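*Asks:* Let me begin by handing over the structure; questions about it come next.
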Amino acid sequence: HAKSEGGNRYLFFNDSMNKQAVKRLQIENLIRHGLKEDFFTVYYQPKMDIHTGKLVGMEALVRFITPKRGIISPGTFIPVAEETGQIVEIGAIVLKKACQDVKNWIDQELFHGRVAVNLSAKQFMLPYLCEQIDDILQQTELPSYHLELEITEGTVMQSPTIAIDTMKKLRARGVHLAMDDFGTGYSSLAYLKQFPLNTLKIDKAFIDDMNTARGRNMVDTIVTIAHNLSLTVVAEGVEEKQQLLQLKQLRCEVIQGYYYSKPLSADDFTQFLRQQQPQKKSATVEQSALR
Ligand code: C2E
Ligand code: MG
Ligand code: MG
Ligand code: MG
């Protein structure tokens, strides 16, 4: 113990730990400032039907854009925000903004599908999560079936029984649920079967491995599991045509990735929606978008 070693206590706080702690504190302060100054915004990445190439939905992705430092990537600030609890405030901003933007697109008849919003573990565990979502849907006048929430295996496995209960409450409201980054966490098949999910998102790492037979077998297996559980499969991080063709063969339904589009600002996404217009009034598209 550091204490028993008296004056040598400092040795335990070595230089790299020190640097890490300072960095973390800097990011925490940056986030606090960013929240005060309204530097958090939301980008959207399209999700496309693999067969028709038409838009079925989009994922909302938080962006932290500061005038001084430019874009700070989620990979940098989300883990800190999760640790400090600031993610709860950021998450509420993202949820509200995403619901507002989608409501606007629906009112303009540019879109009929669902927006998917990522929930952190801390957010998902909030005792008032369902009420918060009710409030936001009411304030933004967005019908609940236009909202999907993405959660990870890590989030639900922290306490599966409570998680199942929360998931059921959300589903009862008409909100859809997706398991994000599937295959990178530690959820068991026994639990997966009990989670009231609609969608399973295959992590980009598996898509990247599809250039090998083993990698393709892996994706094949995941798709089979998902379909046995009646889940729609979304492939994340699709960058190449070859991957798209292979995913189609493996009966994956939806793809998301740079192959179609990077995440776009709300204004750029509006343009993207306008370009999708010829199929605007088609009833079949409307139905498949809400499948
Ligand atoms: P995620 O939810 O799995 O989101 C997908 C990530 O993959 C996004 O990174 C997206 O920009 C990126 N991506 C999509 N297609 C491609 C591709 O073809 N190639 C490559 N290289 N990347 C692709 P992003 O926006 O940096 O977000 C990273 C992670 O941060 C997200 O992973 C999610 O876990 C978290 N995150 C993002 N926004 C939010 C949020 O609003 N709330 C919470 N709690 N977490 C968020
Ligand atoms: Mg996600
Ligand atoms: Mg993911
Ligand atoms: Mg991810």
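The values are calculated or read from the model by the stated rules, or taken from the named source; none is laboratory data. These numbers come from a predicted model, not from an experiment. All Cβ positions, even for glycine, are placed from backbone atoms using ideal geometry, and neighbour counts span all protein chains on display. Heads up: the accessible areas ignore ligands, DNA and RNA and are worked out on the full protein's heavy atoms, side chains in. Shrake-Rupley method; radii C 1.70, N 1.55, O 1.52, S 1.80 Å.
*Asks:* What number of lysine-lysine pairs in segment 161-255 show an alpha-carbon separation below 22 angstrom, given a sequence spacing of 8 or more or placement on distinct chains?
*Replies:* 9
*Asks:* Heavy-atom accessible area per residue, the chain, 1.4 Å probe: how many Å²?
*Replies:* Each residue of the chain exposes 52 Å² on average to a 1.4 Å probe.
*Asks:* Compute the long axis of helix 15-37 from its Cα atoms, compare it with the longest principal axis of the Cα atoms of the chain, and write down the angle in degrees, 0 to 90, nearest 10.
*Replies:* Once rounded, the angle reads 50 degrees.
*Asks:* Okay, moving on. Chymotrypsin sites (Phe, Trp or Tyr not before Pro) within segment 116-175: which are DSSP loop residues with at most 14 other Cβ atoms inside 10 Å?
*Replies:* Tyr128
*Asks:* Note down the relative contact order for the chain as a percent, whole number, built from C-alpha pairs under 8 angstrom at least six residues apart.
*Replies:* The normalised contact order for the chain reaches 19 percent.
*Asks:* Which one of His112, Leu35, Ser261 is farthest out on the positive end of the charge dipole of the chain, using unit charges on Cβ (Lys, Arg +1; Asp, Glu -1) and the Cα centre as origin?
*Replies:* Positive-most Cα among the choices belongs to Ser261.
*Asks:* Select from segment 94-186 those GluC sites (Glu not before Pro) which occupy a DSSP coil region and have at most 14 other Cβ atoms within 10 Å, ordered by residue number.
*Replies:* Here the GluC sites (Glu not before Pro) that fit, given the DSSP loop and packing criteria, are Glu109, Glu141.
*Asks:* Let me ask you something else. Counting Lys +1, Arg +1, Asp -1, Glu -1, what net charge surrounds Ser120 among other residues with beta carbon under 12 Å of its beta carbon?
*Replies:* -4
*Asks:* Which angle between 0 and 90 degrees, to the nearest 10, do you get for helix 213-228 versus the longest principal axis of the chain when only C-alpha atoms count?
*Replies:* Once rounded, the angle reads 70 degrees.
*Asks:* OK, next. From the helices alone, meaning DSSP H stretches of at least four residues, give me the mean residue ellipticity at 222 nm for the chain, per-run term -39500 (n - 2.57), in deg cm²/dmol to the nearest 500.
*Replies:* Counting only the DSSP helices, I get -14500 deg cm²/dmol.
*Asks:* For the chain, which whole-number percentage of the solvent-accessible area (1.4 Å probe, protein heavy atoms only) is attributable to carbon and sulfur atoms?
*Replies:* Ligands and nucleic acids excluded, carbon and sulfur give 51 percent.
*Asks:* Also: For Pro143, what charge total do you get from the other residues with a beta carbon under 11 Å from its beta carbon, if Lys and Arg give +1 and Asp and Glu give -1?
*Replies:* Local net charge: +2.
*Asks:* Looking at this model, which pairs from Lys36/Lys262; Lys23/Lys68; Lys68/Lys103 are more than 26 angstrom apart at the alpha-carbon?
*Replies:* Going by Cα-Cα distance, Lys36/Lys262; Lys68/Lys103 fall outside the 26 Å limit.
*Asks:* Using unit Cβ charges (K, R positive; D, E negative) and no other charged atoms, how large, in debye to the nearest 20, is the dipole of segment 89-138 about its Cα centre?
*Replies:* 180 debye
*Asks:* Which of the aspartates and glutamates could a cross-linker bridge to Lys122, judged by Cα under 17 Å and excluding same-chain residues fewer than eight apart?
*Replies:* In chain and number order, the partners are Glu28, Glu82, Glu83, Glu89, Glu131, Glu150, Glu153, Asp165, Asp180.
*Asks:* Given labels modelled 7 Å from the Cα in the Cβ direction, how far is it in nm from Asn18 to Asp135?
*Replies:* 4.3 nm
*Asks:* Next question, about the same structure. To the nearest 10 degrees, how steep is helix 160-172 against the longest Cα principal axis of the chain, on a 0 to 90 scale?
*Replies:* Roughly 40 degrees, rounded to the nearest 10.
*Asks:* Please report the net charge: other residues with Cβ closer than 13 Å to the Cβ of Gly85, K and R +1, D and E -1.
*Replies:* -2
*Asks:* Another question, then. Once you have the Cα-Cα distance between Arg69 and Thr184, take 0.36 nm times their residue separation minus that, and quote the gain in nm to one decimal.
*Replies:* Value of the extension gain: 38.3 nm.
*Asks:* Would you work out the charge dipole size for the chain about its Cα centre, treating the Cβ of every Lys and Arg as +1 and the Cβ of every Asp and Glu as -1, and quote it to the nearest 20 debye?
*Replies:* About 180 debye.
*Asks:* Something else now. Taking Cα centroids, how far is segment 96-163 from segment 18-32 in Å?
*Replies:* Measuring centre to centre over Cα atoms gives 29 Å.
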